[in-house]
1. Quick check on Ile201: is it in contact with a Ser or Thr (Cβ under 6 Å, 6 or more places away or on another chain) and part of a helix (DSSP H, G or I)?
2. Pairs, please: C-beta under 7 Å, at least 6 apart or cross-chain, first residue within 12 Å of Pro279 (Cα to Cα) and open to solvent by less than 10 Å² (accessible area, probe 1.4 Å) and in the stretch 182-197, second in a helix (DSSP H, G or I) and of a type in the set (Val, Ile, Thr)?
3. Which of the residues that make up the stretch 246-288 are open to solvent by 60 Å² or more (accessible area, probe 1.4 Å) and either more than 20 Å from Phe69 (Cα to Cα) or of a type in the set (S, T, N, Q) (or both)?
4. How many residues are modelled with pLDDT under 90 and in contact with a Cys (Cβ under 7 Å, 6 or more places away or on another chain) when one looks only at the stretch 171-227?
5. Within the group Ala291, Ala214, Ala210, Ala229, which residue is small (Gly, Ala, Ser) and exposed (fewer than 15 other Cβ atoms within 10 Å of the Cβ)?
6. Among the helices (runs of 4 or more DSSP H) contained in the stretch 1-107, which hold 2 or more residues that are under 19 Å from Glu191 (Cα atoms), in contact with a Ser or Thr (Cβ under 9 Å, 6 or more places away or on another chain) and in contact (Cβ under 8 Å) with a residue 60 or more places away in the chain?
7. What are the residue pairs meeting all of these: first residue in the stretch 203-228, first residue small (Gly, Ala, Ser), second residue open to solvent by less than 30 Å² (accessible area, probe 1.4 Å), Cβ atoms under 6 Å, and 6 or more apart or on different chains?
8. Of the conditions (1) free of Cβ contacts under 8 Å to residues at least 60 places away in the same chain; (2) open to solvent by less than 30 Å² (accessible area, probe 1.4 Å); (3) at positive phi, Gly313 satisfies every one except a single condition; which number is it?
Amino acid sequence: MDYPPATEQPNVYPLSWHRQTSKLEEVWNSSLREAWDPQALPWDTFNAASYSWEERESIAYWWTLLSVFDASAPPVFAEAFIKTYEVHEEDAVRRCFFSVTRDEQNHEQMCGLAITKLLEHPDPLTYTPKTEIGKQLQRNAAWLYYNGGRYWTSYKLAVPKYSLAVLFSSFLMGEIAAATIFHQMAAGCTEPVFKEGFRNIGRDEGRHMAICMALMERDYPKMKKEDRAIITKQVRAGYLFLSAVLFEPPPDFWDLPPDFIEVQRKGETIARDAGFNIPAYEQKKENWKAAMLNLKGVLDKYDIPFPAIPEVGISGEEVTDIDMADIIPVF
C-alpha cells in the first residue's frame, strides 16, 4: 500500500488547521488580553480575622457551593476540549475551548484561595468547624459534593453521545446564568479582593457566552430535528442542576436531607449581614427568570422549543423525564 488505511474515527488524528469563523479568532485574542492570575489579586487587603467564625464559615460555605460547579469545570471542559479534536473542529474552536478550560482553572483557584484563607484549612470537608452553623453547613457541603460526583459520572458517559451543537446549548445556559450572578456579586461585595475576583470571572463567563453564540450561529441553522428535541430536554435538565447554586436545589431531583435549604438560608443570611452579597430568594428567582428568558430568546431564533420552567413562571413544553444521567450543562 502506498498509503496506510484511514484512521478509525473519532480520533484526534489527522490534524488540520482550518480557520473559518472570524468571531472565534476575536474571542481567542481577547482571552489572551484579559488573562489574569487569582493569586495576584489584592489578598493583602483581606483580613479574615475581622470576621467572626460564624461569618467566616458561612462565607466559606458559599465558595464551597460554588466550587461544586466551578471547580468541576476544568475537567468538564477538558472532556469537551478533547472532543473538539476528535471531531476535527476548526482550529479556532479548539483554541477557544482550551481558553475556557484555562479560565475555569482560574475560577477553581479563586474558590480554593477564598476557602483556604477563610477557614485556615485547604479542604472544607476535612476542616473542623468551630461553630454550630459551621457543622451544619459542612454536612450540607458533603451532600453537594456527593451529588456532584453523580453528575461527573454521568457527564463522562454523555459527552460521546451528543454532538457539539447540542453541547453548545448546554454550555450557553451555564454561561448566561454564571455571568448574571458574578456581575451581581461584584456590584454588591464589600471586600476588594472578592469584588475584583467576581469582576474577572464575570468577564470570563461573558467571553464563554460569545464562543457558544458564535458556534450556535454557525451550526444551528442546519441542525437535525431530533437534536432540537434533545436541547429542549437539556435546558430543563440544566435548570434543575444549576438551581443548586443559582436558586435552590429542587428536592425531587437533588438527593439532599430535608433541612438542607433551611440550613443554607441561615448561612446565607449570616454571610449577607457580613457584607458578602449573596442574592436573597426573590432576587435569585428574578435572576434565574431573566437568564432563562435570555436563553429562550436565543433558541427561539432557531425554532427550538423551550421547556416549561414553572418554578420561575416560564411556560413552554412540558419535560418530566429527567434524571442525573441526562445532565450535561456546566457553569
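The values are calculated or read from the model by the stated rules, or taken from the named source; none is laboratory data. Worth saying up front: this structure is predicted, and the values here are computed from it rather than measured. Counting neighbours? That spans all protein chains shown, and the Cβs are built from the backbone with ideal geometry, glycine included. Side chains are part of the model used for accessible areas, which takes the heavy atoms of the whole protein and leaves out ligands, DNA and RNA. Shrake-Rupley method; radii C 1.70, N 1.55, O 1.52, S 1.80 Å.
1. It is false that Ile201 is in contact with a Ser or Thr (Cβ under 6 Å, 6 or more places away or on another chain) and part of a helix (DSSP H, G or I).
2. Short answer, once both residue conditions are applied: Phe182/Ile201.
3. Pro258, Glu262, Lys266, Thr269, Arg272, Asp273, Glu282, Gln283, Glu286
4. Here the count works out to 3.
5. The conditions single out Ala229.
6. 53-70
7. So the pair list comes out as Gly206/Ala179; Ala210/Val27; Ala214/Thr21; Ala214/Leu24.
8. With respect to (1) free of Cβ contacts under 8 Å to residues at least 60 places away in the same chain; (2) open to solvent by less than 30 Å² (accessible area, probe 1.4 Å); (3) at positive phi, Gly313 is out only on (2).
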